[in-house]
Amino acid sequence: MSTVVGKPIRRVEDKRFITGQGRYTDDIKLHGMTYAVIIRSPYAHARIKSIDASAALKIKGVVAVFTGKDIEADGMGGIPTGWQVNLINGETMREPKHPILCTDKVRHVGDGVAVVIAEDLAIAEDAAELVQVNYEPLPAVAQVRDALAANAPKVHDELPDNLAFDWNIGDKEKTDAAFATAHHVTTLEFYNQRLVPNAIEPRSAIGHYEEGRDFYTLYTSTQNPHLIRLLMSAFVLQLPEHKVRVVGSDVGGGFGSKIFHYAEEALVTWASKKIKRPIKWTAARSESFVTDAHGRDHQTTVSMAFDKDGKILGLRGHTIAGMGAYLSTFAPAVPTYLHGTLLQGLYTTPAIYYKVDAVFTHTTAVDAYRGAGRPEATYLLERLMDTAAREMKIDPAELRFKNFIPPFDGVTQPGYQTQVALQYDSGNYAPTLHKALEIIDYKNFRKRQEEARKNGKFIGIGFSTFVEACGIAPSAVVGSLGARAGLYESAIVRVQPTGKVSVYTGSHSHGQGHETTFAQIVADSFGIPMEDVEIVHGDTEQIPFGMGTYGSRSLAVGGSAIMKSIDKIKEKGAKIAAHLLEANEADLVFAEGKWTVKGTDKSIPFQQVALTAYVPHNYPAGLEPGLDFSSFYDPLNFTFPFGAHIAEVEVEAETGEVKVTRYVSVDDVGTIINPMIVEGQLHGGIAQGIGQALYEGAFYDESGQLLQGTYMDYTMPRADNLPMFEHSTTVTPCPHNPLGAKGAGEAGTIASTPTIVNAIVDALSHLGVSNLEMPCTPARVWSAIQTAKGN
Amino acid sequence: MLPASFDYHRATSVADALGMLGSLGDEAKILAGGHSLIPALKLRLSKPAHLIDLNAIPELRSITRQNGHIVVGAMATHTAVQTSDIVRSAVPFIADLAGSIGDASVRNRGTIGGVIAHADPRADYPAALLAADATVVLTSKSGSRNVKADDFFVDMFTTALAEGELVTEIHFPALAKGTGASYQKFSHPASRYAIVGCAARVTVEGGVCKNVRVAFTGLTEKAFRDNGVESALEGKPANEATIQAAALLAAKSIEVTGDSFADEAYRRHIATVQARKALLAAVAAATK
Ligand SMILES: Cc1cc2nc3c(=O)[nH]c(=O)nc-3n(C[C@H](O)[C@H](O)[C@H](O)COP(=O)(O)OP(=O)(O)OC[C@H]3O[C@@H](n4cnc5c(N)ncnc54)[C@H](O)[C@@H]3O)c2cc1C
């Protein structure tokens, strides 16, 4: 029996996706279904003076129009936040109400004010045009850097200012002292721009209340069915949780944006009970742009102190982090526990102090987006490293080697305790950089660069060495940091009487390939073919509980929960096998799909044990029938993947156009179950990070209008913008989970953005260019060149 | 998002379409490739009561050569123009331009007639029509009239097209020996529309530039011919130095509109770059 773990098995789910047989929320049609269109604010900030739906209600086929007042009259709550970060002075996090539909004021373009429900979508859209909303436009604050100004318009009238909370980490005194002795200090100031997540499947939600059994079903495009059920039933609609089912089966990408509980989910669920019919809402793409939680939005100033040999002495900085108009589900965690705690990077920095001000602006909410905080942390660290290297005239690779944390395996050596709370599990950083340098042939690069410059061609090289935190995390730890949920995972492994296996996982696949990776693990564990394993996810009625998929946690946490159930099945199976073989349990070994009595040819296959468990005629006394175990796995720690990425770019001096000519990545994601899926995750992630560096950006004008609200303006990276990726790996297993896996979903995005910007700055450094704002569009690069030439 | 409701009419001949246009009047809109119209309908920026679809009129798709002109039917798709041997042999830069529009699905449905009738200030064809000295044929119930490209593009989204008229053909003079042309486009990376596009046509006689025509798209409310560049090169030796000097005059007398992706200064600079590239390529083609 050949094994499948570690092999590049093609994704089993792709057949149905590629042949159009996926079942996304918008594909679902229920009997008697109605369609909702949400009327959204065209203003960033305005008072709602009146809403007149009378003309809309006269249209044939319109079932109902509801406003925020109707929801308020039913006593429904606002959309809650799942993470609490209190202020430095001890004050509770300021958590203004996030209404399902606004009643008094709108606070960003796209904020919902009313919903029109009709027999079909066309009628609903026609009627929506007739709803008269009378707004009194008010001044808005759209930029994070302006939010705390004394005269800034307030997003929430009941708050003293636009601060949601402030937060700090590290040791200020020690860090200031380190800076006081520094030989060199490198400082950078930049804006880590807002990004629109752009999942290919727009969000969609169907609320279905069945009066007969007083039961609610919400079909929704989510990464996180159980959390949605918990938040919506317990906090928003006050429904008994056992009377609510949330289904998020096939989901077409999320990148974080579908972790969160959104107003539309509560809206269709609530309204379905009102009209006693199912209601479907699907975002139009232009709605996705202004309602899917955005990513990043950090205004940052940061410094790194060095001694004369280039050893890092300290890091200190400050970020104003945009929350948008409301606190989305995980928003408070992103600039704090997912960002501030990563500022050690993979360096021995002995002193760190960092402060974050999280602010409200009249903009779409900001929350976790692929990498969530770690890309922002890595961006500032790696931009600092390349900049410092240039300023101190030390080779950027050399500067990193000088500062890497020495190897530790987390088994014979302890984990590495950082200055910023985390303890890294295992790491061996230098080999990834050595390997990447060799692949890209760094030793010859500077010569080539010099020759190219002589011919008027600007080529540059950029580095990023990074560590990130995945598999979020031990529940007790995240709880102490403000999470209002645990972060474990569950799994049922159910061996059917014929020896086929159904796995019910709380992880959620929305592009990651769980149906393949998880099946590989199960197949090898039982010595059965992959075809004999079915992976089920995304339905609160089938899965015991789940914390969903994000933070690259599925394999490390969800996979480990499956391993726990597998172990329990093997343990029970051995008892049954021992009985059937009339042997001692201790004398059995399980291999190649059968239990064998050591040193004999007496064996019994997995399938026969399964059948016996369900047809227990000849069965161990006192043992329960059945072969079916449920487990919860709460990890001991985060996992800490790492790697080294190097890119080469060519800058067209005359136009400022940037071409990425080579991209080399060496990643260590721990043990690899499916190298093809890991590579695919890395490819997608790298492309997304290059997107931020070169193309993507959601900017608001002063009145709070989104300037890039369609694909005619918002530039996604495309295949023809990218080079062939040269990807390879090293393997340093995670010491604390049964799979040794660390996570691969976000590493590419985390690493690639600074790699590219560093490379562009390197290409132009001889002209005196030292910093560039993202995205590095041709116009920006060209004007940086002009400015440098003018100096 | 769905468009507001409308009645759909499929015309099967030009006469049929003109009849519908006559009876339905300004309540009706022509549907060609739909790549500008359908998004406007879906966003409800446009709410016509009737759509008259020209896609079932084969005569409007033809591409032929007549009396030294390449005659392209209004409904010729960008792909059809890109891959036409007739176009490629007589006005190769038009075939190249068609291949640079949007992406494959835009090219497979979008039409030359739709582009010029729509007159988007970022569209590619208008600059090329100006540089090529093309003629647009407009047809109404009372017959056809020929309008020079110079007179066709009036303003942003506004052309010489009158009520009750269709764009039916575009005539490009075939490039004579000694004449070369080129279209050089700097694309927006998202839409791939032109940030700046420059079309140039030059005749080189005895090493001297003649009949220079240079037109830009993307810089202002409509595509325009740049007399400054044209006259700077007219009668001058066809070499890099004269071309570079002429190109630097690009858009000098024009008010350039910038946006968050490319501000005015950048667009002006790119105009000089694209002008140089287009002129160099045109001269190279003329002297080949
Ligand atoms: C993603 C995307 C990228 C694009 N990129 C580019 C680009 O790079 N360069 C570029 O030039 N264009 C680009 N376009 C526009 C594309 O070329 C369109 O096809 C074109 O603008 C309109 O042509 P159409 O045939 O689709 O016309 P339609 O959208 O059907 O019609 C456009 C308008 O013209 C009118 N009309 C159409 N045909 C006639 C006729 N024969 N007589 C009278 N009126 C008529 C219609 O009533 C309508 O008002 C892009 C479009 C998209 C969606």
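Values for this structure:
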{"item": "Pick from the stretch B:160-185, criterion within 11 Å of the ligand (Cβ to nearest atom) and either in contact with a Pro (Cβ under 9 Å, 6 or more places away or on another chain) or over 23 Å from B:Leu138 (Cα atoms) (or both), ranking: nearest to the other protein chains (Cβ to nearest Cβ)", "result": "B:Lys185"}
{"item": "Residues located in the stretch A:96-118, provided they are of a type in the set (D, E, K, R), surrounded by 17 or more Cβ atoms within 10 Å (Cβ to Cβ) and part of a loop (DSSP other than H, G, I, E, B)", "result": "A:Arg107, A:Asp111"}
{"item": "Helices (runs of 4 or more DSSP H) contained in the stretch A:347-443 and holding at least 1 residues at pLDDT below 95", "result": "none"}
{"item": "Failed item, numbered, when A:Lys447 is tested on (1) open to solvent by 60 Å² or more (accessible area, probe 1.4 Å); (2) assigned to a strand (DSSP E or B)", "result": "(2)"}
{"item": "Test for B:Arg107: is it within 26 Å of A:Arg718 (Cβ to Cβ), within 14 Å of the ligand (Cβ to nearest atom) and not hydroxyl-bearing (Ser, Thr, Tyr)", "result": "yes"}
{"item": "Pick from the stretch B:221-234, criterion of a type outside the set (D, E, K, R) and within 16 Å of the ligand (Cβ to nearest atom), ranking: farthest from the other protein chains (Cβ to nearest Cβ)", "result": "B:Phe224"}
{"item": "Matching residues, the stretch A:202-217, being crowded, with 18+ Cβ neighbours inside 10 Å and farther than 24 Å from A:Leu706 by Cα", "result": "A:Ala205, A:Ile206, A:Gly207, A:His208, A:Tyr209, A:Tyr216, A:Thr217"}
{"item": "Hits in the stretch B:241-282 - residues which are over 21 Å from the mean Cα position of the chain (by Cα) and over 25 Å from A:Pro778 (Cα atoms)", "result": "B:Ala241, B:Thr242"}
{"item": "Considering residues of the stretch B:3-39 that are near the ligand (Cβ under 8 Å from one of its atoms) and within 14 Å of chain A (Cβ to nearest Cβ) only, the residue nearest to A:Thr710 (Cα to Cα)", "result": "B:Pro39"}
{"item": "Listing of strands (runs of 3 or more DSSP E) fully contained in the stretch B:49-95 that carry 3 or more residues being without any contact (Cβ under 8 Å) to a residue 60 or more places away in the chain and within 12 Å of the ligand (Cβ to nearest atom)", "result": "B:50-53"}
{"item": "Those residues of the stretch B:251-267 which are surrounded by 18 or more Cβ atoms within 10 Å (Cβ to Cβ) and within 14 Å of chain A (Cβ to nearest Cβ), in sequence order", "result": "B:Val256, B:Phe261, B:Ala262, B:Tyr266, B:Arg267"}
{"item": "Residues of the stretch A:191-201 classified as open to solvent by 10 Å² or more (accessible area, probe 1.4 Å), closer than 26 Å to A:His298 by Cα and touching a strand residue (DSSP E or B) at 6+ places or on another chain (Cβ under 6 Å), total", "result": "1"}
{"item": "Criterion (of a type in the set (Ser, Thr, Tyr) and not assigned by TED's automatic domain parsing to the domain that holds A:Ile279) met by exactly one of A:Tyr43, A:Tyr24", "result": "A:Tyr24"}
{"item": "Of all residues making up the stretch B:122-141, the number that are near the ligand (Cβ under 10 Å from one of its atoms) and open to solvent by 20 Å² or more (accessible area, probe 1.4 Å)", "result": "1"}
{"item": "Filter result for the condition that a residue is within 14 Å of chain A (Cβ to nearest Cβ), within 15 Å of the ligand (Cβ to nearest atom) and open to solvent by less than 30 Å² (accessible area, probe 1.4 Å), over B:Ala190, B:Ala199, B:Ala215", "result": "B:Ala190"}
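Let's see how each residue does on (1) buried (at least 24 other Cβ atoms within 10 Å of the Cβ); (2) under 25 Å from A:Gly691 (Cβ atoms):
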| site | (1), (2) |
| --- | --- |
| A:Ile756 | yes, yes |
| A:Gly768 | no, no |
| A:Arg780 | no, yes |
| A:Gly790 | no, no |
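Residue by residue, here is whether (1) under 20 Å from B:Ser144 (Cα atoms); (2) within 14 Å of another protein chain (Cβ to nearest Cβ) holds:
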site: B:Met1; (1), (2): no, yes
site: B:Ser46; (1), (2): no, yes
site: B:Leu54; (1), (2): yes, no
site: B:Asn67; (1), (2): yes, no
site: B:Val71; (1), (2): yes, no
site: B:Asp85; (1), (2): no, no
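The values are calculated or read from the model by the stated rules, or taken from the named source; none is laboratory data. Computed from a predicted structure; not experimentally measured. Note that each Cβ is placed from the backbone with ideal geometry, even for glycine, and that neighbours are counted across all protein chains shown. Note: accessible area is taken over every heavy atom of the protein model, side chains too, but ligands, DNA and RNA are not part of it. Shrake-Rupley method; radii C 1.70, N 1.55, O 1.52, S 1.80 Å.
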